[in-house]
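Enquirer: Before anything else, here's the structure in question.
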Amino acid sequence: MATQVNPFERLRFTGRDQEASVKWYKDKITDLGKQNYTPSALMNLDSLMTRRLMPGQLYLFYYDPKFKDTLPYYDTFPLVYPYARTEDGFIGYNLHYLPPVLRFKVMGTLLNIQQSGTSEEKKLAYSYGVLNAKDLQKYYEPCIRRYLKAHVRSSFLRIPPDDWLSAAILPTERFVKASSAKVWKETLGKL
């Protein structure tokens, strides 16, 4: 059996200074145009698959919204940072609703929270407070989505924190009823 190639590791950020970071980002965007990172290819990364969703982590999964007929558009392969459990599912930030440049920017905040070294419970309380601070709230508010367990159509692909920046730039969003450009334009209009 062939070893599965993890595209996140191929894209992993290793730069240290700002100039190197910008060059790395531009190079990876160019590289992505040549690759075909489809949801089905990513969902075959068995070592990253899980059935258990933990708040404060980052996941990709297939989703079929309950009210898809009335939604103006929706993402069938969300990139979600869940922050709260509900009786019938969870609430999280679907970062696909942000254009890649903003997604990359806010991912830094999420990584700082993840690497804070505190307990998971304190980390979640801290993350909710940080993400709802006035200067950051405008970026996260358009991304808040509620997901129902009964409408999740796959296991969860848990993305390790070292790969969050890579996941932020992979073009894995799958919007229905609108193009990514239209969704991002509407998001930017809300900022």
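Enquirer: Does the stretch 91-98 contain at least one residue that is over 20 Å from Leu148 (Cα atoms) and either modelled with pLDDT under 90 or outside any helix (DSSP H, G or I) (or both)? Step through it out loud before you land on a result.
Expert: From the stretch 91-98, those over 20 Å from Leu148 (Cα atoms) are 98; that's our starting set.
If we keep only those that are either modelled with pLDDT under 90 or outside any helix (DSSP H, G or I) (or both) as well, we get 98.
Within the stretch 91-98 (the criterion being over 20 Å from Leu148 (Cα atoms) and either modelled with pLDDT under 90 or outside any helix (DSSP H, G or I) (or both)), the answer is yes, since at least one residue qualifies.
Enquirer: If we scan the stretch 176-185, do we find a residue that is free of Cβ contacts under 8 Å to residues at least 12 places away in the same chain and aliphatic (A, V, I, L, M)?
Expert: Yes: one or more hits.
Enquirer: Do we find that Arg52 is free of Cβ contacts under 8 Å to residues at least 40 places away in the same chain and either farther than 19 Å from Ala167 by Cβ or assigned to a loop (DSSP other than H, G, I, E, B) (or both) in this structure? Explain how you work it out, then say what you get.
Expert: Working: free of Cβ contacts under 8 Å to residues at least 40 places away in the same chain: no; either farther than 19 Å from Ala167 by Cβ or assigned to a loop (DSSP other than H, G, I, E, B) (or both): yes.
It is false that Arg52 is free of Cβ contacts under 8 Å to residues at least 40 places away in the same chain and either farther than 19 Å from Ala167 by Cβ or assigned to a loop (DSSP other than H, G, I, E, B) (or both).
Enquirer: Which ones in the stretch 99-124 are part of a loop (DSSP other than H, G, I, E, B) and modelled with pLDDT of 80 or more? Break it down into steps so the answer makes sense when it comes.
Expert: Restricting attention to the stretch 99-124, the residues satisfying the condition of being part of a loop (DSSP other than H, G, I, E, B) are 99, 115-119.
Answer for the stretch 99-124, where residues must be part of a loop (DSSP other than H, G, I, E, B) and modelled with pLDDT of 80 or more: just Pro99.
Enquirer: Across the stretch 132-180, what is the number of residues that are in a helix (DSSP H, G or I) and either more than 21 Å from Tyr62 (Cα to Cα) or touching a strand residue (DSSP E or B) at 6+ places or on another chain (Cβ under 7 Å) (or both)?
Expert: So in the stretch 132-180, the residues in a helix (DSSP H, G or I) come out as 134-143, 149-151, 161-169, 180.
Filter again for either more than 21 Å from Tyr62 (Cα to Cα) or touching a strand residue (DSSP E or B) at 6+ places or on another chain (Cβ under 7 Å) (or both), leaving 134-141, 143, 149, 151, 162, 164, 167.
Adding up the residues that qualify gives 14.
The values are calculated or read from the model by the stated rules, or taken from the named source; none is laboratory data. Just so it is clear, the structure is predicted and the values come from calculations on it, not from any experiment. Virtual Cβ from ideal backbone geometry, glycine too; neighbours counted across all protein chains shown.
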